[in-house]
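Notes to accompany the following structure.
The values are calculated or read from the model by the stated rules, or taken from the named source; none is laboratory data. Quick caveat: nothing in here was measured; it's all calculated off a predicted structure. A quick note on method: Cβ atoms are made from the backbone with ideal geometry, for glycine too, and the neighbour counts reach across all protein chains shown.
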């Protein structure tokens, strides 16, 4: 296959996979936990909660950088999350000038519940598959994880000046 044809084929397959993923999502008909519907969170607040859940306690500047937003914007979002009791803020033990943000127990529980819902949905996808199909699904999951790790490594090298 020529390079252009190969690229077009890859793009078509990616579009097909995304369409399948959307159809799977619709077929699962996921329900949001009541806490999420009553939490009154903005998308920006949810993004901050997810960053703190996956990365752990973080400096305000790291949150802003990770989300690609201004420090003042991140500060305002975190202020609102602190008022809601979902995030706590404190000074770094080694440098009291640095502000460290982390999920409060209530915030950790809220995000954990959503994480569990996602795990449950994935489990629903896998129940009923044959052992051979499960092996294929595991192989695809391993390929996707390896690809993400390669991308993270490449991004890390780009941020560090090319990987010396």
Practice item. Taking residue 75 as the residue in question, decide whether it is outside the structural domain of residue 17 (by TED's automatic domain parsing), under 23 Å from residue 28 (Cα atoms) and either touching a helix residue (DSSP H, G or I) at 6+ places or on another chain (Cβ under 7 Å) or modelled with pLDDT of 90 or more (or both). Key: no
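Here is a yes/no grid of residues against (1) touching a helix residue (DSSP H, G or I) at 6+ places or on another chain (Cβ under 6 Å); (2) under 30 Å from residue 61 (Cβ atoms); (3) at pLDDT 90 or above:
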site	(1), (2), (3)
101	yes, yes, yes
105	no, yes, yes
114	no, yes, no
118	no, yes, no
125	no, no, no
129	no, no, yes
147	no, yes, yes
157	no, yes, no
162	no, yes, no
Exercise for review: Only helices (runs of 4 or more DSSP H) wholly contained in segment 3-119 count here; list those with 2 or more residues that are more than 27 Å from residue 155 (Cα to Cα).
Suggested key: 3-28, 34-38, 71-83
